[in-house]
Amino acid sequence: MQFPELFKQIEVLKPQMIDTLMKLIGTPAVGPENGGEGEFKKAELLRGILQDFGFNEINQYDAEDPRVPSGKRPNLIVYYRGKVDSPKLWIVTHLDVVPAEEGQWKITKPFEPKLKDDKVYGRGSLDNGQSLVASIFAILALKQLSITPKRTVALAFVADEEYESTLGIKHLISKGLFNKRDLVVVPDSGEPDGALIEVAEKSILWFKVVTVGKQTHGSTPNRGLNAHRIGMQFSLALDELLHEKYNNKDEQFNVSNSTFEPTRKDKNVEAINIVPGEDVVYFDCRVLPQYNIKDVLSDIRAAAKAFEQKSGATIRIEVIQAQQAPSAVDPKSEVVTLLKKAIKKVRGLDAKVGGIGGGTCAAFFRKAGIAAVVWSTEEEVAHQPDEYAKVHNMIDDAKVFALLSVL
């Protein structure tokens with residue numbers, strides 16, 4: 001087989017790739033923790049698209065979730081059989097997207113996709129629509145050319161990735177669908193030139209700080225205890241403490257240090273003339289693997305206790321997510337070696353390996369002893385207003401996935 005023939009076929013499919021991406025963007029799939037209805041409608045749309053393309057081996061694994069209208073969070077798997085059925089090549093993308101504040105978007109509304117200047121705009125266009133569509137059309141091109149891949153290719157389209165993956169990839173892993181010899185690619189992060197293969201991630205710690213004081217009228221603050229002021233003071237002190245204590249660097253990561261970021265803040269009072277009796281702020285921490293997040297959390301709780309004694313307020317630390325980073329994938333593993341070859345052939349690049357601060361479901365594979373790498377070509381617009389996917393990146397990534405299937 002000549003690679004130019006395969007690459008040309010993918011380029012021929014460009015209009016269909018754009019159309020498919022836009023259809024998927026137009027069907028919101030926001031999780032219930034962010035006020036959405038989940039992935040059911042999007043999964044149904046995708047199943048129909050896959051059937052229209054002639055894929056007849058589509059399996060669905062639903063995870064129960066009473067919070068959504070359908071009562072379930074769907075996970076789809078499509079198989080395209082190869083010369084060898086095991087180990088398989090897995091390409092894992094996700095159906096769900098983060099919510100979008102419509103007022104911040106300028107090019108288009110979040111779920112009304114728009115094609116402009118080689119870019120498809122819309123929520124989920126990049127994260128994770130670009131890679132999802134690229135994986136489908138990589139295998140469709142093989143199918144249309146009657147090319148049998150070296151090993152069976154499995155495309156997984158999972159739920160719940162943007163929250164904690166319990167109803168998505170963790171659910172699938174619990175079903176015993178994966179073999180420790182399988183090759184797994186999770187195209188959910190990358191660099192604009194496509195030169196980074198991610199083999200390591202930081203630990204993730206999300207927590208909530210609840211400061212409780214005493215509410216009073218704004219004109220008589222002496223009669224109350226301003227939870228907002230104390231909460232801000234504690235958050236700043238905690239920010240400084242964590243950055244000073246956990247200050248090592250690891251240059252294999254795109255951000256070489258641990259990060260401890262105060263992010264979301266809940267509304268406290270309705271009126272300006274009320275001193276709040278409760279204040280809530282959230283932290284997103286991405287910690288280098290050399291540190292144990294249990295130690296980090298212990299320091300956070302100790303700091304809260306000390307600040308309680310100092311301020312007279314009550315400070316509660318509530319953990320939302322705590323995920324210790326697994327061991328990194330061996331840079332000489334088979335999946336890394338093959339991916340480097342495919343990237344070199346398509347993009348002419350000598351890909352490098354490294355780590356990221358973002359969390360992907362590759363971490364759950366690694367914990368299960370399965371070598372999973374993260375790779376795609378990505379602009380830095382995920383989770384942002386006017387998120388977009390570059391069409392030519394989607395096409396080139398499809399070429400890499402197709403080539404990876406036959407190497």
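The values are calculated or read from the model by the stated rules, or taken from the named source; none is laboratory data. From a predicted model like this one, the values you see are computed outputs, not experimental measurements. Every residue, glycine as well, gets a Cβ built from its backbone with ideal geometry; the counts of neighbours run over all protein chains shown.
What to note about this one:
- Residues that are of a type in the set (S, T, N, Q), part of a helix (DSSP H, G or I) and in contact (Cβ under 8 Å) with a residue 24 or more places away in the chain, drawn from segment 269-319: Ser311
- Odd one out for Lys294, checked against (1) out of contact with any Gly (no Cβ under 9 Å at 6 or more places or on another chain); (2) under 30 Å from Gly190 (Cβ atoms): (2)
- Every residue from segment 203-227 that is part of a helix (DSSP H, G or I) and either surrounded by 19 or more Cβ atoms within 10 Å (Cβ to Cβ) or in contact (Cβ under 8 Å) with a residue 60 or more places away in the chain (or both): Ala227
- Complete set of residues in segment 161-181 that are in a loop (DSSP other than H, G, I, E, B) and in contact with a Cys (Cβ under 9 Å, 6 or more places away or on another chain): Glu161, Ser165, Gly168
- In the set (1) of a type outside the set (Ser, Thr, Tyr); (2) surrounded by fewer than 20 Cβ atoms within 10 Å (Cβ to Cβ); (3) touching a residue at least 12 places away in the same chain (Cβ under 8 Å), the condition left unmet by Pro4 is number (3).
- So Ile272, is it out of contact with any strand residue (DSSP E or B) (no Cβ under 8 Å at 6 or more places or on another chain), over 13 Å from Phe234 (Cα atoms) and surrounded by fewer than 18 Cβ atoms within 10 Å (Cβ to Cβ): yes
- Whichever residue in segment 182-202 is assigned to a strand (DSSP E or B) and among the charged types (D, E, K, R) and, among such residues, is surrounded by the most Cβ atoms within 10 Å (Cβ to Cβ): Glu198
- Set Ile10, Ile58: member being surrounded by fewer than 17 Cβ atoms within 10 Å (Cβ to Cβ), among the β-branched types (Val, Ile, Thr) and modelled with pLDDT of 95 or more: Ile58
- Qualifying residue in segment 354-370 (condition: modelled with pLDDT under 95, closer than 26 Å to Lys14 by Cβ and among the charged types (D, E, K, R)): no
- The set of residues from segment 363-381 being crowded, with 23+ Cβ neighbours inside 10 Å, over 11 Å from Leu183 (Cα atoms) and β-branched (Val, Ile, Thr) comprises Val374, Thr377.
- Matching option when the condition is of a type in the set (Ser, Thr, Tyr), in the same structural domain as Asn268 (by TED's automatic domain parsing) and in contact with a Pro (Cβ under 8 Å, 6 or more places away or on another chain), among Ser235, Ser219: Ser235
- Segment 236-256: number of residues that are surrounded by 13 or more Cβ atoms within 10 Å (Cβ to Cβ) and closer than 22 Å to Ala195 by Cβ: 6
- Only one entry in Leu46, Leu24, Leu50 is within 18 Å of the chain's Cα centre (by Cα) and either loosely packed, with under 15 Cβ neighbours inside 10 Å or under 21 Å from Val158 (Cβ atoms) (or both), namely Leu24.
- Residue match in segment 307-319 (condition: at pLDDT below 95 and not aliphatic (A, V, I, L, M)): no
- Only listed residue being over 29 Å from Gly218 (Cβ atoms), under 26 Å from the mean Cα position of the chain (by Cα) and modelled with pLDDT of 95 or more, chosen from Ser258, Ser298: Ser258
- Selection of strands (runs of 3 or more DSSP E) fully inside segment 53-144 by the criterion of at least 2 residues being among the aromatic types (Phe, Trp, Tyr) and touching a residue at least 60 places away in the same chain (Cβ under 8 Å) returns 72-80.
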